[in-house]
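The values are calculated or read from the model by the stated rules, or taken from the named source; none is laboratory data. As the structure is a computational prediction, the values presented were derived from the model and not from experiment. Glycine also receives a Cβ, built like all others from the backbone with ideal geometry; neighbour counts cover every protein chain displayed. Note: accessible area is taken over every heavy atom of the protein model, side chains too, but ligands, DNA and RNA are not part of it. Shrake-Rupley method; radii C 1.70, N 1.55, O 1.52, S 1.80 Å.
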Amino acid sequence: MKKFSMFVIIILMSIIFIFSKCKQGEANTVELATDSTQTGAALAYGGFESEVAWGKHIVTVGGCNDCHTPKKMGPKGPEDNMELELSGHPSQVPAPEIDRKEIESKGLMVAGGTFTSFVGPWGVSYAANLTSDSTTGLGNWTVDQFIRTFRTGKYGGAPGGRNLLPPMPFPNVAQMTDDELKAVFAYLQSTKPVHNIVPQPQPPVLTMNK
């Protein structure tokens with residue numbers, strides 16, 4: 001009887017050992033699968049955990065805030081007004097009051113007080129609203145429209161649209177891959193919508209006088 005009991009105990013211990021090993025193997029498999037998924041996502045998104053995070057990185061290192069976020073005076077000088085991040089030239093702020101003819105004839109460029117309006121030989125240009133606002137920003141744009149804008153150099157990507165104007169470095173942006181532009185678009189679509197109607201650009205004074 002004792003031999004039988006010992007035999008049963010050995011069998012039960014073996015079953016428990018095998019069961020625990022199976023569970024451990026399953027856990028390791030799940031962990032490896034999770035790591036693999038995370039690694040795959042990181043590789044797909046430039047080393048970042050998501051397309052939006054990758055897009056935010058590109059926008060940051062690309063200096064998009066330099067022109068598209070209005071500046072305000074801080075303790076150390078002009079700084080980004082993050083309440084209006086990427087909302088472009090404020091609609092209520094006029095263009096710089098300067099002698100445009102002189103600026104244009106000398107090939108110079110002058111920026112307005114918020115660093116979102118620019119006067120030069122091309123006329124007057126205003127930084128666009130890049131936020132996710134559906135009426136004044138990019139909220140109603142499609143990713144294809146966004147990509148075509150930089151592939152064609154035309155605002156909105158339409159063949160008959162107006163040209164993108166300085167100081168927007170669109171030839172440089174056009175060197176981005178489709179995946180990079182898609183990431184930028186995904187991030188811009190995730191931003192806080194800011195309702196701001198950016199003024200239309202103005203042609204050069206010298207051209208208007210001809």
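Quick notes on this structure:
- Extreme residue, least open to solvent (accessible area, probe 1.4 Å), among residues of region 62-100 that are among the aliphatic types (A, V, I, L, M), assigned to a loop (DSSP other than H, G, I, E, B) and under 17 Å from His195 (Cα atoms): Leu86
- Tally of residues being of a type in the set (Val, Ile, Thr) and open to solvent by less than 40 Å² (accessible area, probe 1.4 Å) across region 150-193: 3
- Residues of region 141-166 satisfying the condition of being polar (S, T, N, Q), under 20 Å from His89 (Cβ atoms) and under 16 Å from the mean Cα position of the chain (by Cα): Thr149
- Test for Gly107: is it more than 22 Å from Ile197 (Cα to Cα), in a loop (DSSP other than H, G, I, E, B) and either touching a His at 6+ places or on another chain (Cβ under 7 Å) or open to solvent by 40 Å² or more (accessible area, probe 1.4 Å) (or both): yes
- Condition met for Leu206 (among the aliphatic types (A, V, I, L, M) and in contact with a Cys (Cβ under 8 Å, 6 or more places away or on another chain)): no
- For the residues Thr135, Thr116, Thr131, the requirement of being in contact with a His (Cβ under 6 Å, 6 or more places away or on another chain), touching a residue at least 24 places away in the same chain (Cβ under 8 Å) and either open to solvent by less than 30 Å² (accessible area, probe 1.4 Å) or over 22 Å from Lys71 (Cα atoms) (or both) singles out Thr116.
- Summed over region 70-88, residues that are touching a helix residue (DSSP H, G or I) at 6+ places or on another chain (Cβ under 8 Å) and touching a residue at least 24 places away in the same chain (Cβ under 8 Å) total 5.
- Hey, Gly55 open to solvent by less than 30 Å² (accessible area, probe 1.4 Å), more than 20 Å from Gln200 (Cβ to Cβ) and modelled with pLDDT of 95 or more or not: yes
- Per the conditions (1) open to solvent by 80 Å² or more (accessible area, probe 1.4 Å); (2) of a type outside the set (A, V, I, L, M); (3) touching a Ser or Thr at 6+ places or on another chain (Cβ under 9 Å); (4) modelled with pLDDT under 95, the sole criterion not satisfied by Thr37 is (3).
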